[in-house]
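So the structure is just underneath, and the comments pick up after that.
The values are calculated or read from the model by the stated rules, or taken from the named source; none is laboratory data. Computed from a predicted structure; not experimentally measured. Glycine gets a Cβ as well: all are built from the backbone with ideal geometry, and neighbour counts include every protein chain shown. Side chains included, ligands, DNA and RNA excluded: accessible areas come from the protein's heavy atoms. Shrake-Rupley method; radii C 1.70, N 1.55, O 1.52, S 1.80 Å.
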Amino acid sequence: MLADGGVAHLRPIQPDDADALVAFHERLSPETRYFRFFSYHPELSPKEVDYFTHVDYERRLALVLELRGALIAVGRYDADAELDSAEVAFVVSDDHQGRGVGTLLLEYLALAARKVGISHFFADTLASNQRMLRVFREAGYTVTSRTEDGVVRVEFALLPTPQSIAVIEEREHRSEAASIARLLRPESVAVIGASRTPGSIGHELFANILRHGYGGVVYPVNPSAAAVAGVRAWPSVRDVPGDVDLAVIAVPASAAEAVVADCADKNVKGLLIITGGFAEVGAEGGQREIRLLHLARAAGMRVIGPNCIGVVNSDPAVHLNATFAAVAPVAGRVGFLSQSGALGIEVLSAASESGVGVSSFVSVGNKADVSGNDLLQYWEDDENTDVVLLYLESFGNPRKFGRLARRISRKKPIVVVKSGRSTVGQRAASSHTAALASSDRAVDALFRHTGVIRVRSVREMLNVAQLLVAQPLPRGRRVAILGNSGGPGILAADECDSAQLQVNELTDSTRSTLEGIVPPSSAVANPIDMTAAAGPAQYRAALRLLLDSDEVDAVVVIFTPTVVASADQIAAVLADAARGADKPVVVNFLATPDRPHALSSEGVTLPWYRTIEDAVGALGATARYGEWRARPAGARPEPDAEQRAAVSTLTASVLASSPSGRWLTQAEVDRVLDAYGIARLPSEEAADVEGAIAAAGRLGYPVALKAAGADILHKTDIGGVALDLASGTEVADAFTRMSSTIGPSMTGAVIQRMARPGVETIVGLTQDPSFGPIVMFGLGGVAAELLGDVAFRVAPLTDIDADELIREPRSSRLLFGYRGAAPADVSSLATVLLRVGLLAAEHPHIAELDLNPVRASDRGAVALDARIRVAPADPPVDARRLR
């Protein structure tokens, strides 16, 4: 992805690139050649071509960037065999300079160099080559330079820094947002497959673009028609007289590849492929989809679809409705993505009915290219979008989604309906963590970590969107319920309890003031029942009082129509009373089929719900999001190069001897936990009875004796744990009995000093190939295994994440002095979680870890038993690339 949103293919150079490299060099301007070679160098010699195209791909590497079959840039580094530094250089063709190509090449070359042990780059650049010097300065590394005879030598270490990572992510954000802007803000559109037959997809797409006042130029493409809907048609996109920014393809799947090839010849910037018949229909369609995507990418085009219903951009400057949906969406402040075409149409229809307007809508279909992550990048800075709605059936890149969503949720709420199941927990349950993890819990962990508001249905999504678009976020969970009948108020209070909202009794002062406002015999404790005698004046004054009170964070207003007042009258006074308030108000009018127009007045819009459940549910979701957004981002533990190296060395050694991975021995487990400072009680291993007795004597009685077998999952269940052994005789008896019961898989014993009394907890991690490292916490024993009372977060954790993780399980109240017991040192427990999270994030080869139990007492938290499994793993993708 280039800086302007275009696409190019980055790959290593090959020996057969010789001719292409010569042609590339010949196209360079004399100035560009001079900057690269410090002379005008009109042509490459055969010796130079051979040298440049033959590399070892480790100490010497060259990367080329290719577009439309031609090289547009070359970057390389060259290192001597005995040095850890390399010279870096690159050159970009003149017509592609200014597109971020040099920066991209430097990013990839640095990544490749680090993987083979090169730690530093240096480059010699002419002092007049300010563009190249700017690439080095703005890369985010700490650059030193010196100038001699008009040549600047720059040097920098390749170790990623927070600044270099931030720079890479910012470049990624700008380029991906620009690529989506190309698709959603085109100045010209060609509809390929535009039909003269009303009711056909090709006809309705073209008609919708015309009908909704598209602000650019639109070209129908149909080889069998002179005109479509009164607009001159063209036989092929290649025949269109002007430039084409976006091609909408609505032809049979069998013809799609030829059409994409035509678009490549025309230099179309992006494709919207409505046509189905690709990956969704099976393997043959999947191969057709791959070929189509390769055609598009080779020509620098991004693709929405295939198998989708289209896109909408309601910006008055664009007014593009390139869908075949029958319902025209209302313009508004919501960006919406749907992976399902049918649900997309349903949501557009339901959104129009509920008054939720869209800024832009994208149906991504098969997600061959453009995905939810791309749209998040665009909507983050889109001034027309305040709220993001996503209907997802799958994640293309969950780790990237988590990174983007956590950042964007700080500025704009993201509301998600996620269907389907992921793969977390579907592998063999070889540890407590893997056994307790489930796909839905992993998705929840990701969403909690990132502040995403997860809802169960399209209806809930629109309910929440209404509130987020129209009202301020609540600053807390205290709710006042205001109505004119008792039953609905009680029902609302019950719903608030279910939504974890607080309906507190109002203070004497507030009740006294309310009594002067409401009709006689009203109940003013909260819920407030003003009785059927309440009219517009009472609703206005009571709502204003509650919004001004520091006892209330949000107000639920319920109105049952009576002869005293109409729905429109009450709606008008509510809108007036809420004007300028900094607290949200949600409204439920019983026995009122349609939303009163008066709820929107002079810049005020009150969200209106058909049921009390809908109103309170939306408020609860918004309150939880408000709390997440208001909390500090939290601090993560600082990585330590020595501890990372120690564990990396161990896992590499294990995988060298056991390529498929294995459970670590107790000594290896100790090395890992020691490296990351995870506290444990003193322990020793023993192979026989005599060794066990000797170890117990050194540790001091009483001791615990445990089976050492690395493959034993539930030691207690098979008699593999003996506690409070007070003498050598008891140690000998326990060892003999355990050996007889378990057999050879016992593999000796671990003798450990007995721990202080405390609360037993479980801490674990599992590496998921999609979601990445997941950290688990719960109370040990039955609470974790039988009740599943555990919580999950995506690693690495901040101190805020760790604190929330500890408090989330219902049984965690035992840690805080339940029924007079001494409270545990929760900060020590949080430290264990932080260090496990860091270990998980830094070492993908640590496939599973169980600390079970971790005993938490008033003097700290110590792991009493630990199991770690190492397995092969691909490192997370750490370079910018399209899927």
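Quick notes on this one:
- For VAL240, no residue whose modelled amide H falls within less than 5 Å of its own remains once neighbours fewer than 5 places apart on the same chain are excluded.
- Compactness of region 683-767, expressed as Rg and Dmax over alpha-carbon positions, Å: 12.8, 43
- Phi-derived couplings, Karplus 6.51 cos²θ - 1.76 cosθ + 1.60 at θ = phi - 60°, listed residue by residue for region 506-522: 6, 5, 4, 5, 5, 5, 5, 5, 4, 4, x, 9, 7, x, x, 6, 6 Hz, with x used for Gly and Pro.
- Computed over region 305-386, the convex hull of the alpha-carbon atoms projects to a mean area of 4.9 nm².
- Cα shape, region 264-349, gyration tensor, a/c 1.5 rule: oblate
- Per the Kirkwood formula applied to alpha carbons, region 254-400 shows a radius of gyration over Rh ratio, Rg over Rh, of 0.97.
- Model label points for ASP576 and ASP688, set 7 angstrom from Cα along the Cα-to-Cβ axis, are 9.6 nm apart.
- Were the residues from ARG238 through ILE165 laid out at 0.36 nm apart, the gain over their Cα-Cα distance would be 22.1 nm.
- Carbon plus sulfur fraction of accessible area for region 1-116, probe 1.4 Å, in percent: 53
- The charge dipole of region 583-737, taken about the Cα centre with unit charges on the Cβ atoms of Lys, Arg (+1) and Asp, Glu (-1), comes to about 740 debye, rounded to the nearest 20.
- Cα-based Kirkwood hydrodynamic radius, region 445-547, one decimal, Å: 15.5
- A dipole drawn for region 553-639 from +1 and -1 charges on Cβ atoms has a positive end, and of VAL573, THR562, ALA633 the residue lying farthest that way is ALA633.
- Rounded to whole Hz, the Karplus (6.51, -1.76, 1.60) HN-Hα couplings of region 646-661, x for glycine and proline: 4, 6, 4, 4, 5, 5, 5, 5, 4, 6, 5, 8, 10, x, 8, x
- Dipole magnitude for region 277-413: about 620 debye, using +1 per Lys or Arg Cβ and -1 per Asp or Glu Cβ, origin at the Cα centre.
- Restricting region 513-584 to trypsin sites (Lys or Arg not before Pro) that sit in a DSSP loop and have at most 16 other Cβ atoms within 10 Å of their own Cβ leaves ARG579.
- Zone residues, region 27-47, relative to ASP94, backbone N less than 17 Å from point 7 Å out along Cα-to-Cβ: 27-44
- Shape call, region 607-743: gyration tensor on alpha carbons, a/c limit 1.5: prolate
- Spatial extent of region 548-660: Rg and Dmax, with the Cα atoms as the point set, Å: 26.5, 84
- Gyration tensor verdict on region 373-416 (Cα atoms; rounded if a/c is under 1.5, prolate if a/b is larger than b/c, oblate otherwise): prolate
- Sparsely packed chymotrypsin sites (Phe, Trp or Tyr not before Pro) within region 1-92, loop by DSSP, other Cβ within 10 Å at most 10: TYR40
- Inter-label distance for LEU210 and GLU642, nm, one decimal - labels placed 7 Å from Cα along Cα-to-Cβ: 7.6
- For region 49-158, the list of GluC sites (Glu not before Pro) that fall in a loop by DSSP and count at most 11 other C-beta atoms within 10 angstrom reads GLU82.
- Efficiency of FRET between GLU393 and ARG631 - r from beta-carbon atoms, R0 22 angstrom, step 0.05: 0.10
- Near THR531, the amide H atoms lying under 5 Å from its own belong to SER485, ALA523; only residues 5 or more places off or on other chains count, and H is placed 1.01 Å from N.
- For region 495-577, the solvent-accessible area works out to 43 Å² per residue, with a probe of 1.4 Å and every protein chain left in place.
- Mean Cβ neighbour count within 10 Å, used as a protection proxy, ranking 848-854, 676-682, 770-776 highest first: 848-854, 770-776, 676-682
- Derived scalar couplings ³J(HN,Hα) [region 290-298; Karplus, 6.51 cos²θ - 1.76 cosθ + 1.60; whole Hz; x for Gly, Pro]: 5, 4, 4, 5, 4, 4, 5, 5, 4
- R0 of 51 Å, Cβ-Cβ distance ILE490-ALA331: FRET efficiency to nearest 0.05: 0.85
- The H on the amide N of GLY748, modeled in the peptide plane, is under 5 Å from the matching H of ALA708, each at least 5 residues off or on a different chain.
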